[in-house]
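Student: Pasting a structure here, questions to come.
The values are calculated or read from the model by the stated rules, or taken from the named source; none is laboratory data. Keep in mind the model is a prediction, meaning the values are calculated, not measured. Every residue, glycine as well, gets a Cβ built from its backbone with ideal geometry; the counts of neighbours run over all protein chains shown. These area figures cover heavy atoms from the full protein model, side chains too; ligands, DNA and RNA do not enter into them. Shrake-Rupley method; radii C 1.70, N 1.55, O 1.52, S 1.80 Å.
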Amino acid sequence: MTTLNASMAAGSGSSNLKRYFQFLLLLLAAGAIYPLLYLRQNFETSILEAFQITTSDLGDYYSMLGVMYMVCYLPSGWLADRFSPKGLVAFSMLLTGGLGLWFATIPDKSMLPYIFAAWGIGAGLTFWASMLKGVKMLASHNEQGRFFGILDGGRGLVEAVLATIAIAIFAYAIESQGQSNTVALQQVIYMYSFTCIVIGVLAFMFISNEPATPEVADKTSGSRGNLLRDLKFLMSIPELWLVAIIIFCGYQLFWATYSFSAFLQEGYEITAVTAGFITVAKLWMRPIGGIGAGFLGDKYGKENILAVALLGASLGLVVMIVFPQLNSVYFLLAVVLLIGVLTYAIRGLYWAILDDCDIPLHVTGLAIGVVSLIAYTPDIFLPQINGFIAARYEGVTVYNLYFGYIAVMGVVGTLTALRLKNMIANKKAS
């Protein structure tokens, strides 16, 4: 009997190690694929110089990428339900890395629209829903919070490490090797591209086609219907609509942080260097917020932690609006870091609550696509709202109105999270 128990424990430990390694590969993929697409974050000037394009041209390419994402959300979910995460994630990483190798040759700018459109397919159509579904398949019911929290916090760390390596390569090429900005940029692009390709190969070799836990496997029962029938089924699940609203509101709180640097300089009259220090410090809150919220969500309830984080981030925005006269760098740092921790906590948890909707695994990918289509529309309209306000007001008033609107949406998200909590509790009680 002792031998049998020891054998079972060893098998369980081996199974968990296999799960964790597959999860690590998905985390690495999520952390490596998008920095290649968004090199402009750290190398925009060099990109403009190398390709001899204007800022407006580059903006057009990224607008095309955003449109591709929106068009791909639903088909991405449909594909994720019909093909394994193993194949889709591996294909996405290999395609994205291969396109990066083409990008590194500095092709004629007439080729750039094709590269960005194909990147939209690699990082959107075949990657997004399959990656999220893959994580969901690896986690048991009581691990959903920590897995998704570690996913967001961990991919933030991966992005930070890769960015540090990229900057080091770029600086070494220019300062020690005396190479041009264009040649240094090429080396950075090669680094990101080969990283994606290696992760793609590892994903194909080691990610499993089957659910990793028995309870997840049990949800695979159910025949695949046609797309319209599956969509009708998902639309009939009220909890799914609440999840979409929560992510819709939480994502806008995260969007607000993009404007912090300019707001701090204009509203609090601090230097660009000080504002940069504060906003960079916020970036390091991602692993703390995401991973911490994941474990807290599994222990105290994902909806409870989400509600606290949504409300706290909203109040943080209100504090930044109401107290600009408190011109203390330490006060500003504390508020910005608090908002950073809370917004990353929201990002780390909001996909985990999908598990509470009891969606069959054979339509989980489509559910992710439906929610994404609704929840990420702020990518389209928030810049328009900001522009609309800026055209009618001046100075700090623009930020006050913009942040005020987003704070209201955060409160809406808080109420929705509490509503979802009650709905789930009532369903379990009945």
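Student: Keeping to region 110-143, report how many residues are among the acidic types (D, E) and either touching a Gly at 6+ places or on another chain (Cβ under 6 Å) or buried (at least 21 other Cβ atoms within 10 Å of the Cβ) (or both). Explain how you work it out, then say what you get.
Tutor: Residues of region 110-143 among the acidic types (D, E): 143.
This time we only want the ones that are either touching a Gly at 6+ places or on another chain (Cβ under 6 Å) or buried (at least 21 other Cβ atoms within 10 Å of the Cβ) (or both), so: none.
The qualifying residues number 0.
Student: Filter the helices (runs of 4 or more DSSP H) completely within region 258-301 down to those with at least 1 residues that are more than 19 Å from T343 (Cα to Cα), open to solvent by less than 60 Å² (accessible area, probe 1.4 Å) and polar (S, T, N, Q). I'd like the intermediate steps shown before the answer.
Tutor: Values: elements: 260-267, 272-283, 286-300.
Correct list: 272-283.
Student: Let me ask something additional. Just to be sure before I move on: is I353 part of a helix (DSSP H, G or I), closer than 22 Å to K133 by Cβ and open to solvent by less than 10 Å² (accessible area, probe 1.4 Å) in the structure I sent? Before you say what the answer is, go through the steps one by one.
Tutor: On the way: part of a helix (DSSP H, G or I): yes; closer than 22 Å to K133 by Cβ: yes; open to solvent by less than 10 Å² (accessible area, probe 1.4 Å): yes.
So I353 fits the description; yes.
Student: Take T96 and tell me if it is within 26 Å of L157 (Cα to Cα), surrounded by 15 or more Cβ atoms within 10 Å (Cβ to Cβ) and polar (S, T, N, Q). Give the derivation first.
Tutor: On the way: within 26 Å of L157 (Cα to Cα): yes; surrounded by 15 or more Cβ atoms within 10 Å (Cβ to Cβ): yes; polar (S, T, N, Q): yes.
For T96, the condition - within 26 Å of L157 (Cα to Cα), surrounded by 15 or more Cβ atoms within 10 Å (Cβ to Cβ) and polar (S, T, N, Q) - is met.
Student: Quick one: is I389 surrounded by fewer than 21 Cβ atoms within 10 Å (Cβ to Cβ), among the aliphatic types (A, V, I, L, M) and part of a helix (DSSP H, G or I)? Quick ask: steps written out before the conclusion?
Tutor: Working: surrounded by fewer than 21 Cβ atoms within 10 Å (Cβ to Cβ): yes; among the aliphatic types (A, V, I, L, M): yes; part of a helix (DSSP H, G or I): yes.
Against the criterion (surrounded by fewer than 21 Cβ atoms within 10 Å (Cβ to Cβ), among the aliphatic types (A, V, I, L, M) and part of a helix (DSSP H, G or I)), I389 qualifies.
Student: Could you say whether any residue in region 380-396 is closer than 27 Å to D230 by Cβ and under 24 Å from the mean Cα position of the chain (by Cα)?
Tutor: The initial filter retains those residues of region 380-396 that are closer than 27 Å to D230 by Cβ, namely 380.
Among the residues that remain, those that are also under 24 Å from the mean Cα position of the chain (by Cα) are: 380.
The answer is yes, given that some residue of region 380-396 is closer than 27 Å to D230 by Cβ and under 24 Å from the mean Cα position of the chain (by Cα).
Student: Out of the residues in region 231-247 that are of a type outside the set (F, W, Y) and either in a loop (DSSP other than H, G, I, E, B) or open to solvent by 80 Å² or more (accessible area, probe 1.4 Å) (or both), state the one that is nearest to K302 (Cα to Cα). Outline the logic, then answer.
Tutor: Our first condition is that a residue be of a type outside the set (F, W, Y); within region 231-247, this holds for 231-232, 234-240, 242-247.
Now drop any that are not either in a loop (DSSP other than H, G, I, E, B) or open to solvent by 80 Å² or more (accessible area, probe 1.4 Å) (or both), which leaves 232, 235-237.
On the way: K232: 27, M235: 23, S236: 23, I237: 19 Å.
Selected residue: I237.
Here is a yes/no grid of residues against (1) part of a helix (DSSP H, G or I); (2) at pLDDT below 90; (3) buried (at least 18 other Cβ atoms within 10 Å of the Cβ); (4) not polar (S, T, N, Q):
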{"site": "T343", "(1), (2), (3), (4)": "yes, no, yes, no"}
{"site": "I346", "(1), (2), (3), (4)": "yes, no, yes, yes"}
{"site": "V408", "(1), (2), (3), (4)": "yes, no, no, yes"}
{"site": "N422", "(1), (2), (3), (4)": "yes, no, no, no"}
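Student: If you take the residues of region 392-404 that are of a type in the set (S, T, Y) and either crowded, with 17+ Cβ neighbours inside 10 Å or out of contact with any helix residue (DSSP H, G or I) (no Cβ under 9 Å at 6 or more places or on another chain) (or both), which of them is modelled with the lowest pLDDT?
Tutor: First, pick out the residues of region 392-404 that are of a type in the set (S, T, Y): 393, 397, 399, 402.
Then keep just the ones that are either crowded, with 17+ Cβ neighbours inside 10 Å or out of contact with any helix residue (DSSP H, G or I) (no Cβ under 9 Å at 6 or more places or on another chain) (or both); that gives 399, 402.
Values: Y399: 88, Y402: 92.
Among those residues, the one meeting the criterion is Y399.
Student: Can you list residue pairs whose Cβ atoms sit under 6 Å apart, with the first residue in region 175-190 being at pLDDT below 95 and surrounded by 16 or more Cβ atoms within 10 Å (Cβ to Cβ) and the second being part of a helix (DSSP H, G or I) and of a type in the set (S, T, N, Q)? Count only pairs 6 or more apart in sequence or on different chains.
Tutor: N181/S46; L185/S46
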